[in-house]
Amino acid sequence: MVQVCNIRMLKDAAVLAERKASTASLDLKQFNLFYGFNGSGKSTISRIFAALQTGEVQHRLPPNCTFEIEMSDGARLSYPKSFAGLEKRVCVFNDDFIERNLRWDTGYATPVFYIGADQAEAAQQIKELEATIPTAEQNLSGESKVAREREKAFAEFKKLTAGNIRERLRQVARYEATQFMSDVEKLGATAADVLSDDVLDAAIATCARSEPPAKVDPVGIPAEAIFDAIRSASELAPKSIGSIVIEGLATHPTMVPWAKHGHEYHASHNLESCLYCGSHIPVERKALLTAAFDDQLSAFVTDLNTSINAANGCAEALNIAKAAVPAAASLSAEFQPPFEAAAGKLITALDDVTPLLLSALRSLRARQGAPTTAVTPNLPGIEDVKERIQALSDSCAAVNDICKQHSDMVDTFADHQTKARENIRRHFVAKTASEYAEHVKRVEEGVGKEKAAEAAISQINDRISELRAKVQQHGPAADKINRLVKSYLGHDELTIVAVEDGYELHRHGSIVTGAPSEGEKTAIALCYFLSTLEADDRKIKDLIVVIDDPVSSLDTKAMNYACSLVRNRLSGAAQLIVLTHNQHCMNEFKKHWKGWAKGEPDKVKARLKFIDVIVPASTMLRTANIIDLPVHLREYESEYHYLFEKVLRFEEAAEGHFDYAFMMPNVLRRVLEIFLAFKVPRSGNISDKLKTLCERHKDLDLDRLNALERLTQVESHSDNLDDLITQSAMTVEESRDANTALLHLMKTVDGDHHSDLEKYCKA
């Protein structure tokens, strides 16, 4: 039968020392005794085994505790990760079991159920169904793992997508996976909502703005005036005018404007003499000049000057217009691509029309310089001019339309930005729609299979519960517990009565209204535990039973009954582990098992262990190591011998280090109490008994007895060993003085006793 053979590794287990793979094996056998004082870690050890019993993390174990149990077949169970598999075989009796199963405030205990012959068929079905549970649980574990992985992948997808959207929205409110899921449900985005890269970039740029951009001014181009100026040049420059040609002007046509202006000035001022040469201007000459500069020429010159001014204004307007075309970057991002295209066409049209206007202006200026001389302008046909100026007008209108859209957007920028964010969200919802749908499908499939696996286990458990109801009868268990309690206590005053929902505790036939004594609690709890071992068709021979302190608060007679009951009832167990702080209990089990702890390795059936609590000088912290039971505890049954051996060792250490130095005041007090109990067998405190001995033995060293007086003052009285692990208020030096004083006292009062005891403990 497979047994626990070793606590292979142990860490962070309260006072218990760390164990490693290199630590000597406990080499546990069928019967195992752990003896240690209160506070040495026995409860922790029992809870380690309780973890194997439940297959669950024990909340009363230290939070960071880890351990590894090695089985005799080489299997290893580690905590807190992989420690399941022995739930049907390990049974632990400790304070946790009592608290969990016995409610002393109400007088009830959880019912114990047994299988009778008439329920054999149902019991067999339970076994068969229970055998299918591991496979079903394994299937559930696999499906749960797949479902969690798919849910995790889906969550990661939503998180990454939301983060991608959030990065582009540039909004104050965070955009998380929940918002993304809401958009998927509410926006109803389709493939048509997927934006091109340029449009997406523009929307992102809009979202990035903390304030709206500035408006842009439209471009002004006087297209009609430009056409008129070019047309005037084509008409006026080559125009022929019939007029009198004045001698000299025919060969100097450029002087015509000068002469005309001079004639008009002299006439308007009634000048008779030429201001240039000073000569008298004859009447005939005045008449000739007046005829030469008649109304037709004057009108022509006026038209010519008007056209030149108009052409100059148009040329300046074109220069201004070209410089006034806004930069594309000054517009909102979504308008920039179309604006760049429209602005390019406008610049091209300006570059096409401007040379025409300048050529017309040059023709007009040439004719202005010689009004009477026709000038042929270098211009295309008027229809061609009209088409070019129309192209200029159209391109300017296109530019101004985009500028107006931009300016209108500025007026409603908040709404525009909101729309841009919605478009971005729609874009990503539509773009990831197929991937989202695939994730949803995979998660639904995974969860569906997981629920189906859970339902399968639930159906199995429901059926087991139905069958178990047929075999659960706590009445027969009550009789068995009562027989055990009677054997345990040695009387039948206490009885357990089965009722519908549990047990009632009776004393002398009447229900117990208050809690029983601590000893009775222990008895009932242990008997209850023993009665459960063969419940649910378990066999003692298959069980690993762990019992922590089965004799708490019992008198000697009851203690003997209890130890005998445990030994006899569990003699056939696959493995029995008993932990106790009670020396009498330890002796009872040791007496029967020590012979089994010796001999050839393959014939050893028992292990006797001691939980040794020391305070190393290196740490000054209590540390408990599991060691073989010391020879003085293994071979001798007296606590007195063990404690006296510690007194001898402490004395031998002299000024050297002794790991037990901090527990020695309690050891000294206990040895002193036992010695005085025999030498001064009456009631009274230690100080009074010491005074009595001083009166009887005049040669006692009173100065040395002062050290024992100090011991009695510092160390309170105790009638058990619980305080042996407590650190004393006495210094090490004071403890050494008390130790020497005790040995001197014993040697002086009873030299033979001291000598025999010394020999006995050093043997």
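The values are calculated or read from the model by the stated rules, or taken from the named source; none is laboratory data. Bear in mind the structure is a predicted one, so any value in this text is a computation, not a measurement. We place every Cβ from the backbone using ideal geometry, glycine too, and count neighbours over all the protein chains shown.
For this structure, a couple of remarks:
- Among the candidates 348, 376, 354, 372, residue that is touching a helix residue (DSSP H, G or I) at 6+ places or on another chain (Cβ under 9 Å), at pLDDT 85 or above, hydroxyl-bearing (Ser, Thr, Tyr) and over 30 Å from residue 406 (Cβ atoms): 376
- For segment 379-402, a residue qualifies if it is in contact with a Lys or Arg (Cβ under 8 Å, 6 or more places away or on another chain) and either polar (S, T, N, Q) or not assigned by TED's automatic domain parsing to the domain that holds residue 338 (or both), and exactly one does: 395.
- Identity of the residue in segment 20-49, under 35 Å from the mean Cα position of the chain (by Cα) and free of Cβ contacts under 8 Å to residues at least 60 places away in the same chain, that ends up farthest from residue 643 (Cα to Cα): 21
- Any hit, segment 19-35, residues being in the same structural domain as residue 88 (by TED's automatic domain parsing), modelled with pLDDT under 95, buried (at least 23 other Cβ atoms within 10 Å of the Cβ) and among the aliphatic types (A, V, I, L, M): no
- Residue check for residue 127: at pLDDT below 90, under 26 Å from residue 459 (Cβ atoms), assigned to a helix (DSSP H, G or I) and assigned by TED's automatic domain parsing to the domain that holds residue 450: yes
Each row is one residue, and each column tells you yes or no for (1) surrounded by fewer than 21 Cβ atoms within 10 Å (Cβ to Cβ); (2) part of a loop (DSSP other than H, G, I, E, B); (3) free of Cβ contacts under 8 Å to residues at least 12 places away in the same chain; (4) not acidic (Asp, Glu).
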{"position": "59", "(1), (2), (3), (4)": "yes, yes, yes, yes"}
{"position": "68", "(1), (2), (3), (4)": "yes, no, no, no"}
{"position": "78", "(1), (2), (3), (4)": "yes, no, no, yes"}
{"position": "87", "(1), (2), (3), (4)": "yes, yes, no, no"}
{"position": "99", "(1), (2), (3), (4)": "yes, no, yes, no"}
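- Among the residues of segment 182-227, those identified as among the hydrophobic types (A, V, I, L, M, F, W, C), more than 16 Å from residue 170 (Cα to Cα) and assigned to a helix (DSSP H, G or I) are 184, 191, 192, 199, 223, 225, 226, 227.
- Scanning segment 308-338 for residues that are under 30 Å from residue 200 (Cβ atoms), part of a helix (DSSP H, G or I) and modelled with pLDDT of 85 or more yields 328, 337, 338.
- Of the residues making up segment 676-711, those that are assigned to a loop (DSSP other than H, G, I, E, B) and either in contact (Cβ under 8 Å) with a residue 60 or more places away in the chain or acidic (Asp, Glu) (or both) are 699, 701.
- Note on segment 649-675: residues that are assigned to a helix (DSSP H, G or I) and under 12 Å from residue 736 (Cβ atoms) amount to 7.
- Residues satisfying the stated conditions in segment 41-56, i.e. part of a loop (DSSP other than H, G, I, E, B) and in contact with an Asp or Glu (Cβ under 8 Å, 6 or more places away or on another chain): 55
- Residues within segment 309-344 that are over 60 Å from the mean Cα position of the chain (by Cα) and over 20 Å from residue 380 (Cα atoms), tallied: 9
- Candidate set from segment 361-407 (those that are crowded, with 18+ Cβ neighbours inside 10 Å and part of a loop (DSSP other than H, G, I, E, B)); member that is nearest to the chain's Cα centre (by Cα): 379
- Yes/no for residue 643 being assigned by TED's automatic domain parsing to the domain that holds residue 758 and surrounded by fewer than 17 Cβ atoms within 10 Å (Cβ to Cβ): no
- Within segment 128-173, restricting attention to residues that are aliphatic (A, V, I, L, M), under 30 Å from residue 419 (Cβ atoms) and touching a residue at least 40 places away in the same chain (Cβ under 8 Å), the residue that is surrounded by the fewest Cβ atoms within 10 Å (Cβ to Cβ) is 165.
- Residues in segment 412-432 include none that are assigned by TED's automatic domain parsing to the domain that holds residue 360, of a type in the set (A, V, I, L, M) and within 30 Å of residue 220 (Cβ to Cβ).
- Qualifying residue in segment 215-224 (condition: exposed (fewer than 13 other Cβ atoms within 10 Å of the Cβ), farther than 30 Å from residue 379 by Cα and more than 47 Å from the chain's Cα centre (by Cα)): yes
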